[in-house]
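Please read through the structure below; I'll follow up with questions.
The values are calculated or read from the model by the stated rules, or taken from the named source; none is laboratory data. Keep in mind the model is a prediction, meaning the values are calculated, not measured. Using ideal geometry, Cβ is built from the backbone for each residue, glycine included, and neighbour counts are taken over all protein chains shown. Please note that ligands, DNA and RNA were not included when accessible areas were found on the heavy atoms of the full protein model with its side chains. Shrake-Rupley method; radii C 1.70, N 1.55, O 1.52, S 1.80 Å.
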Amino acid sequence: MKKILIHLEADSKASVFDQITAYDAGVDQVIPYGGVELEEVTNLVYGAMFTRGGDNLKNSAIFIGGTNVPTAEKLMQKILATFFGDVRVSVMFDANGSNTTAAALVRKIAYGRDLKGKKAVVLAGTGPVGIRAAILLAKEGCEVFLSSRILARAEEVCKHIQENNKVTITPVQIAGEKDVQEILDRGINIAACCGTPGVQLLDQKVWAAASSLEIIADINAVYPLGVEGMKVTDNAKEREGKILYGAIAIGNLKMKIHRSAVHNLFESNNKVLDFVEIYKIAAQMEG
Amino acid sequence: MKKILIHLEADSKASVFDQITAYDAGVDQVIPYGGVELEEVTNLVYGAMFTRGGDNLKNSAIFIGGTNVPTAEKLMQKILATFFGDVRVSVMFDANGSNTTAAALVRKIAYGRDLKGKKAVVLAGTGPVGIRAAILLAKEGCEVFLSSRILARAEEVCKHIQENNKVTITPVQIAGEKDVQEILDRGINIAACCGTPGVQLLDQKVWAAASSLEIIADINAVYPLGVEGMKVTDNAKEREGKILYGAIAIGNLKMKIHRSAVHNLFESNNKVLDFVEIYKIAAQMEG
Amino acid sequence: MKKILIHLEADSKASVFDQITAYDAGVDQVIPYGGVELEEVTNLVYGAMFTRGGDNLKNSAIFIGGTNVPTAEKLMQKILATFFGDVRVSVMFDANGSNTTAAALVRKIAYGRDLKGKKAVVLAGTGPVGIRAAILLAKEGCEVFLSSRILARAEEVCKHIQENNKVTITPVQIAGEKDVQEILDRGINIAACCGTPGVQLLDQKVWAAASSLEIIADINAVYPLGVEGMKVTDNAKEREGKILYGAIAIGNLKMKIHRSAVHNLFESNNKVLDFVEIYKIAAQMEG
């Protein structure tokens, strides 16, 4: 019986990236749908629920993609609400690569280290990857700060995290160089940069001089990178006495995590692989 | 050479249900198209006709789906008109599951029994499944009545059946309890219920008291079912001295018939699997 | 690792023909996209570029189809511009079958013969197949004439060919019988007919009487054919002392060339199979 992955996303063209990755993860057949509207979800999910019975049901699963993460989250809620009881299939959420990227970013930082009690800042952290990374770092035991150029935006995100994930993150505003200096001076050990591609967040003279700073990771693959003096291929590279992780090192791990999570989907019919579960799969994968 | 099924339907998203079922029937690759317009059919069918020659042509076939049955019938006509001579591929019609559901409904009733001379009523029979079930029951030798809340609607459907299928069905109006009683009192042996999900058609006290009634089948899977006192899982279950078939028992057989018909498609390049042929495949499958 | 072909075209429904042919060429999975807009190309191509690394990258490739050739050429330019350095996948262009048809047409004419110094006319040659055939015949060493009913159109096409392909083709006007006679009287040895289906270009009495004429080929499969007295199945058939190639003979070779080119795509990650390269593959295939 073929392992079939139903790929749903709101973007008009279902992602090539996600489909190729699914095949490389051992999926026999992707059935892709772009331009999925909320009201179309029920019928599509019924098609997954009612075609295979009993133990065979685990050979069908659903992947939720698309570049717009909030829209994809609505699709996710609708899908989960369509299931009843045991009549369900496993679901993985990775809209815009947010879950696998956040998992890769935090695993790079956490691998082989004890993060309990460390102070971490997620710079430009109000996007999907930043939010997920902040929560994962907090769950690893860090005290986490999340920055935005606009304080109200950071506060809103942190409040939302508190309400939905029972995790406390401290919002901070970083509108200029002075703000960066100020937050690093609080004894930050870890800086995770989640900014817009091509926008520099940390000057080299600033991060090099931050005495408490141990680890810097950056998901920006487009020069100028988020961290001056970093290279995209940096993979635990020591520069200025700090350990650096660049976008390609993180991206390579992301691909492995993505494939591992897709593979995991077909082990039973009741998995819901959101970012916390994908992070766990990533950690197990290393062992 | 891969067995390729070209799935065409007018609905915007090609059915997940039909695609998974096709793979489970042994199809190597479904090429699905949703939102198919009549004027796009010719080119799509040419692609099936002109890519594989001679005996290899049987490895390509066309499936017609979609929730709107009349629209799908127009696609079917256009497809069949596009072929010329031996340059054709096999075609299966199962818009909204109508053919496989009607075949399963009537096979449940007919299996192991001689229906010649039996009186059958198809309740709420003016939809695609009801029409097909009525014709199949008539072909099995039953005297068939087809009901609607509106007599003119039943009459129109029966006239259409007479013209297109050379089969005589008697239209009856069932607007209330008294009408049900009256039709059952004509010596009805078989009641096939094809009503809207969640709408009860037969009260238990009525069907239990109908002395000639032997078999009741119902395709409604949403409670309240079409038949009070039935369970969806009833599979030749005896209740009140009658044999009952519920929606899940019929649905399970429908799945087997669907897979068997798809498998059958690839035996030659000239099959046209509409409901009569699918019913034959269903009967052969049992043997 | 599966061989994956990403099929892109501007037509709303991705071609059945091209997809079946791809599977028959050994592709494991086609990922088809119809209705592709120029601004969607980058993301789709990134999905091909960034999912498989190193030597594995050759297992992903892109096919450009669609009935509108100029639109497809714009997609091609956008795709090639998206690659950077070695991070690329192989690409095949065959919008409206133009490249494989032109290659088949000219291979039929060239196979086993030396065309150097021959005079060839491409009749009704301003469409995609005619333009490509004219260039290929010129590259085989022919002196080539290209006709249109409107001289300005032929001149425009030949100027475009000169600018883009550094090949000289002589434009000629053929508005009636007298013009045909006049061009054949220039000592034409080869006539390649690329006219609209169902439109006759050469009367039998005219071509039969043309003493220098040796070979006639015609891609029109709809009667009346472009060449009176020809049959679509003519495959080096001698009639009136001339060698004739009809649309089905050319079409059968086109299918082989198409499959061979798709197969060739996956040998490395840096192929760009436009008509000249496809013609070379066709010639090698014969050896």
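Could you give, in nm with one decimal, how far A:GLU240 is from each other copy of that position, shortest first, with labels 7 Å out from Cα toward Cβ?
List, nearest first: 8.4, 8.4 nm.
Based on the alpha-carbon gyration tensor of the range C:4-93 and its eigenvalue square roots a ≥ b ≥ c, which shape applies: rounded if a/c is under 1.5, prolate if not and a/b is larger than b/c, or oblate?
Details: a/c = 2.01, a/b = 1.16, b/c = 1.73.
Verdict is oblate for the range C:4-93.
Using a Gaussian network for chain A with springs between C-alpha atoms less than 10 Å apart, which of these wobbles most: A:SER212, A:SER148, A:SER260?
In the Gaussian network model the winner is A:SER212.
Take the Cα pairs of the protein assembly as shown, get the Kirkwood Rh, then feed it into Stokes-Einstein at 20 °C and 1.002 mPa s and tell me D in µm²/s. Mind dumping the intermediate values first?
On the way: Rh = 31.1 Å.
For these conditions, the coefficient is 69 µm²/s.
May I pose another question? Could you list the trypsin sites (Lys or Arg not before Pro) in the range C:83-130 that lie in coil according to DSSP, counting only those with at most 16 other Cβ atoms within 10 Å of their Cβ? Display every interim value, and only then the final one.
Values: sites: C:ARG88, C:ARG107, C:LYS108, C:ARG113, C:LYS116, C:LYS118, C:LYS119; in loops: C:ARG88, C:ARG113, C:LYS116, C:LYS118.
Loop-located and lightly packed - C:ARG113, C:LYS116.
So what is the accessible area of the range C:175-223 per residue, in Å², with the probe set to 1.4 Å?
Value for the range C:175-223: 45 Å² per residue.
I would also like to ask the following. Using only helices, what value at 222 nm comes out for chain B when you add -39,500 (n - 2.57) per DSSP H run of length 4 or more and divide by the total residues, to the nearest 500 deg cm²/dmol? Numbers along the way, then the final one.
Values: 10 runs with 117 residues, N = 287.
Rounded to the nearest 500, the figure is -12500 deg cm²/dmol.
In a Debye calculation with equal point scatterers on the alpha-carbon sites of the range A:167-287 and no solvent, what is log10 I(q)/I(0) at q = 0.17 Å⁻¹?
Rounded to two decimals, the profile gives -0.92.
Moving on. Only residues of the range B:222-254 count here: report those whose backbone N is under 15 Å from the spot 7 Å along Cα→Cβ of B:TYR111, or say none.
What the label zone holds, given the 15 Å backbone N cut-off, is B:233-238, B:243-254.
Between A:LYS205 and the same site in the other copies, what are the distances in nm, shortest first, taking label points 7 Å from Cα along the C-beta direction?
Ordered by increasing distance: 9.4, 9.4 nm.
Which net charge results when you count Lys and Arg as +1 and Asp and Glu as -1 among the other residues whose beta-carbon is under 15 Å from that of C:ASP86? Display every interim value, and only then the final one.
Values: positive: C:ARG52, C:LYS58, C:ARG88, C:LYS271; negative: C:ASP55.
Here the charged neighbours net out to +3.
Stokes-Einstein D for the range C:101-250 at 37 °C, 0.692 mPa s, Kirkwood Rh over Cα pairs, in µm²/s?
Working: Rh = 14.7 Å.
Stokes-Einstein gives a translational diffusion coefficient of 223 µm²/s.
Next question, about the same structure. Compute the FRET efficiency between B:GLU228 and A:GLU286 as 1/(1 + (r/R0)^6), taking r as their Cβ-Cβ distance and R0 = 56 Å, and round to the nearest 0.05.
Values: r = 59 Å, r/R0 = 1.05.
Efficiency for this residue pair is about 0.45.
Taking the Cα centre as origin and putting +1 on Lys and Arg beta-carbons and -1 on Asp and Glu beta-carbons, what dipole magnitude results for the protein assembly as shown, to the nearest 20 debye? Walk me through the numbers before you get to the answer.
Values: 96 positive and 99 negative charges, 273 e Å.
My answer is approximately 1300 debye.
Please compute the contact order of chain A in relative form: average sequence separation of alpha-carbon pairs under 8 Å and at least six residues apart, divided by the residue count, as a percent. All intermediate terms of the calculation are to be shown ahead of the outcome.
On the way: 610 pairs, mean separation 53.8, N = 287.
Here the relative contact order equals 19 percent.
Can you give the accessible area buried between chains C and B, summed over both chains, with a 1.4 Å probe, in Å² to the nearest 100?
Working: alone 12850 and 12850 Å², together 24390 Å².
When C and B are taken together, about 1300 Å² of accessible area is lost.
Then there is this: Please compute, for the alpha-carbon atoms of chain A, the extent along each of the three principal axes and give them in descending order in Å.
61, 35, 34
With a 10 Å cut-off between alpha carbons and a GNM built on chain A, which of A:ALA221, A:ALA102, A:ALA124 moves the most?
In this elastic network of chain A, the residue with the biggest mean-square fluctuation among A:ALA221, A:ALA102, A:ALA124 is A:ALA221.
Moving on. Please report which chain A residue places its beta carbon nearest the axis carrying chain A onto chain C, with the distance rounded to a whole angstrom.
A:GLN29, 5
Go through A:THR51, A:MET92, A:THR71 and say which Cα lies farthest out towards the positive end of the charge dipole of the range A:4-93; charges sit on Cβ, +1 for Lys and Arg, -1 for Asp and Glu.
Value computed over the given set: A:THR51.
To one decimal in nm, how far is C:GLY141 from the same spot in the other copies, if labels go 7 Å from Cα toward Cβ? Please give the shortest first.
8.0, 8.0
Pairs of alpha-carbon atoms within less than 8 angstrom and 6+ residues apart define the contacts here; what relative contact order does the range A:105-169 have, in percent? Mind showing how you got there, number by number?
Numbers: 92 pairs, mean separation 21.0, N = 65.
Across the range A:105-169, relative contact order equals 32 percent.
Then there's this: Output the relative contact order of the range B:4-93, whole-number percent, from Cα pairs under 8 angstrom with separation of 6+ residues.
Answer for the range B:4-93 is 37 percent.
Charges on Cβ only, +1 for Lys and Arg, -1 for Asp and Glu, centred on the Cα centroid of the protein assembly as shown; of C:GLN204, B:SER147, A:HIS263, which one is farthest towards the dipole's positive end?
It is A:HIS263, whose Cα lies furthest towards the positive end.
Moving to a separate point now. At 1.4 Å probe size, with the rest of the protein present, what percent of the exposed accessible area of chain B is carbon and sulfur atoms?
Details: 5590 of 11560 Å².
Looking at chain B in its full context, I get 48 percent from C and S.
Considering only DSSP states other than H, G, I, E and B, which trypsin sites (Lys or Arg not before Pro) in the range A:133-179 qualify as loop sites with at most 16 other Cβ atoms within 10 Å? Please report the intermediate quantities before stating the final value.
On the way: sites: A:LYS139, A:ARG149, A:ARG153, A:LYS159, A:LYS166, A:LYS178; in loops: A:ARG149, A:LYS166.
Answer by residue number: A:ARG149, A:LYS166.
So for the pair C:SER12, A:LYS139, with labels modelled 7 Å out along Cα→Cβ, what separation do we get in nm?
Result: 4.4 nm between the two label points.
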